[in-house]
Amino acid sequence: MNRQLSRYWLLFLLLAAAGTGRAQGNAIFLSHGHIEYMRSVNVYAQISNEEESDQWAELRKKMSSHFRTSYFDLYFTRNKCLYKPGRESDDKQNAFFWQPPAQDNTVWSDLESGKGISKKNVFEQAFLVQDSLRHINWKITDETRNILGFNCRRANAMIMDSIYVVAFYTDEILAEGGPESFTGLPGMILGVSLPHQHVSWFATKVEAVAVADAQVEPPLKGKKVNNAGLLQSIQASLKDWGKTGRQYMEAVLL
C-alpha cells in the first residue's frame, strides 16, 4: 500500500515539475490575458524630420526629452482586444507644446467580426472612430526573435501607402491582435516598429490572467466618425503645417 502511494506521489511530482517547466518556457498557448506595452518615440529624430528652421528645431529639442515613453495595457480574449493607456511613465513631459497624438488612444478590436472602435483625442476634440479593422498585407519572414520568453517571427508591411512596418508576433498567444490597430497575423503581436516614424511598441509584460467581459468592452464617448471622417475633420486644421502636419496626421490615423 505504501509502495503504491509512493508511486502515485512520485508521478504527481513529475507531472508538476513538467507543468512548471512548460509554463516557464511559455510552451502553453494563451487564449486570454494581459500585455503591457511600452511605446517609445525618438523625439529628436522626429523634430529633425520636420520642415522648420534649425533655430526652432534646436529650441524644441532643448525643451523636450530625447525619447518619450508611455505605457499601454492590452486585455485580450480569443476574439476581442482592448488597448488603453496604462501606468504613468517616469518621463517628465513638457507642456510648452501641444500633446502629441496617440498618447492616450483607446482601441477596441473585434477579431471575429473584423470591426474596431477607437477613442482618439485630437487637440481638444475626442473622436470615437468606428470602422473595419485595417487590412494589412503582411509578409512573414524567416527571422525570429525572443520577446519575454515567447518565440516570435518577424513580418513586414506597408500601410497608408508609405509607412513601413516591422512586427514580431507569436503563435503561442492565440488572439491575433496587437498594440494600436496592428492585427492580422497568426498570433499576438508583441513588438512593432515604424523605423521612419521613429516610434515603436514592445511588450514589457505578459500575464495569463482571467479577463472579464467588462475588461474588453469598447469605448463609448466621443464624436462618432469613421476613418475617412476623422481624416476629413483634421485635414483642414493641418493644411498649413507642411511636413509637420503630415507627420501629425499619420500618427493620428495609426
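The values are calculated or read from the model by the stated rules, or taken from the named source; none is laboratory data. The shown structure was predicted, so the numbers you read here are calculated from the model rather than taken from an experiment. FYI the Cβ positions are ideal-geometry reconstructions off the backbone, even for glycines, and counts take in every protein chain you see. Please note that ligands, DNA and RNA were not included when accessible areas were found on the heavy atoms of the full protein model with its side chains. Shrake-Rupley method; radii C 1.70, N 1.55, O 1.52, S 1.80 Å.
Assessment of the stretch 210-218 against the conditions (closer than 23 Å to VAL41 by Cβ, buried (at least 18 other Cβ atoms within 10 Å of the Cβ) and not hydroxyl-bearing (Ser, Thr, Tyr)) yields no matching residue. Taking the stretch 116-169 as the region of interest, how many residues are open to solvent by 80 Å² or more (accessible area, probe 1.4 Å), in a loop (DSSP other than H, G, I, E, B) and either touching a helix residue (DSSP H, G or I) at 6+ places or on another chain (Cβ under 8 Å) or polar (S, T, N, Q) (or both)? Count: 2. So, GLN232, is that one at pLDDT below 95, open to solvent by 10 Å² or more (accessible area, probe 1.4 Å) and over 18 Å from the mean Cα position of the chain (by Cα) or not? Here the answer is yes, as GLN232 does meet what is asked. At pLDDT 90 or above and in a strand (DSSP E or B): is that true of ASP104 in this structure? No: the conditions fail for ASP104.
Look at the stretch 78-91: where a residue is open to solvent by 100 Å² or more (accessible area, probe 1.4 Å) and a partner is assigned to a loop (DSSP other than H, G, I, E, B) and at pLDDT 95 or above, sitting 6+ places away or on another chain with Cβ atoms under 9 Å, you get ARG78/SER31; ARG78/HIS32; ARG78/LEU111; ARG78/GLU112; ARG78/LEU174; ARG78/ALA175. Being crowded, with 16+ Cβ neighbours inside 10 Å and either under 17 Å from PHE72 (Cα atoms) or in contact with an Asp or Glu (Cβ under 9 Å, 6 or more places away or on another chain) (or both) is the requirement here; does GLN197 meet it? Yes: the conditions hold for GLN197.
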